[in-house]
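Here the structure comes first, spelled out in structure tokens, and everything after it is commentary.
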């Protein structure tokens, strides 16, 4: 059930040239000063202001500001599935003054071959959260359980599935589910999970694949029904929700977020930032936001975050080949 996706050569060259300019500008602006920190830090975020990734980055920046005693400013570099932001971090001077937000796209984008990136281009600092994929349907849907949904699709039911995409983690989760069920969905890509859930409420799609935090308010309000989550353990947000594994579908797809730096930052600086970022995660306003937003906070330090990201990168490399996004 591969998907035939071709990125034409001129467009690829245009993207690569644009990313090189952005990266070069970032490196040129870096200044060598000491002792560290003697000036403001910048946190580069791949997502637009106001979303979950941006909010997590801003709460963390606030905590770093308090602990380091210097301003910590967020900058949004949106585009190319995160590659614009990732390239800005990769090519920045490793002087300790630039931090990058590290989302799940970091494990996906390098395998799509439209930009020169690898997860090994970065020193990882800490992971903050995991947000498993949730399969949700309108409250009036005939599918009341995940089992009913699976049985109907296997039986030939035509289901329009909305999700952010194409090539988002939720799109890949949708493709993996279709492969397991042996039946394709009518895939409806949206600019983000917000527009996808709006389409669900409007009756334009039959189901959506999105992160638990992105549907939790609608589920609690009774507008949509949560059929199941693609996680290895029950959700602390919705402990009653079944996992796909419990229904015999070995599927795990999730968003996650953490922080990274360009390769080559002084070990002492990396260690200090790892410690301070982990401490920032525990600030009461941040904890309250995570509880309200439905984030499953599962912090990891640098070493464990590297193991986790390497495993994710290996998995997504295989998936983008199997689904035909790059040559096998």
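The values are calculated or read from the model by the stated rules, or taken from the named source; none is laboratory data. Computed from a predicted structure; not experimentally measured. All Cβ positions, glycine included, derive from the backbone under ideal geometry; neighbour counts span all protein chains shown.
Please find, among 195, 239, the residue that is at pLDDT below 95, farther than 21 Å from residue 309 by Cα and out of contact with any strand residue (DSSP E or B) (no Cβ under 9 Å at 6 or more places or on another chain). Step by step, each of 195, 239 is checked, and only 239 is at pLDDT below 95, farther than 21 Å from residue 309 by Cα and out of contact with any strand residue (DSSP E or B) (no Cβ under 9 Å at 6 or more places or on another chain). Counting only residues that are assigned to a helix (DSSP H, G or I) and either at positive phi or surrounded by 13 or more Cβ atoms within 10 Å (Cβ to Cβ) (or both), the stretch 247-270 holds 3 of them. Just wondering, is there one or more residues in the stretch 79-95 that are under 23 Å from residue 108 (Cα atoms), at pLDDT 95 or above, within 24 Å of the chain's Cα centre (by Cα) and not in a helix (DSSP H, G or I)? Yes, the conditions are met somewhere in the stretch 79-95. For the stretch 30-47, filtering for residues that are modelled with pLDDT under 95 and exposed (fewer than 13 other Cβ atoms within 10 Å of the Cβ) leaves 5. Would you mind stating whether residue 203 is touching a strand residue (DSSP E or B) at 6+ places or on another chain (Cβ under 8 Å), loosely packed, with under 15 Cβ neighbours inside 10 Å and assigned by TED's automatic domain parsing to the domain that holds residue 292? Judged against the criteria, residue 203 is not a match. Of the residues screened, residue 3 is one that is over 19 Å from residue 103 (Cβ atoms), at pLDDT below 95 and not assigned by TED's automatic domain parsing to the domain that holds residue 283.
Here 275, 216 are screened, and the one residue that is without any contact (Cβ under 8 Å) to a residue 12 or more places away in the chain and either part of a helix (DSSP H, G or I) or not assigned by TED's automatic domain parsing to the domain that holds residue 182 (or both) is 275.
Per-residue answers, yes or no, for (1) part of a helix (DSSP H, G or I); (2) closer than 22 Å to residue 272 by Cβ:
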| residue | (1), (2) |
| --- | --- |
| 59 | yes, yes |
| 123 | no, yes |
| 148 | yes, no |
| 158 | no, no |
| 167 | no, no |
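Could we say that residue 293 is under 27 Å from residue 88 (Cα atoms) and either touching a helix residue (DSSP H, G or I) at 6+ places or on another chain (Cβ under 7 Å) or surrounded by fewer than 16 Cβ atoms within 10 Å (Cβ to Cβ) (or both) here? Judged against the criteria, residue 293 is not a match.
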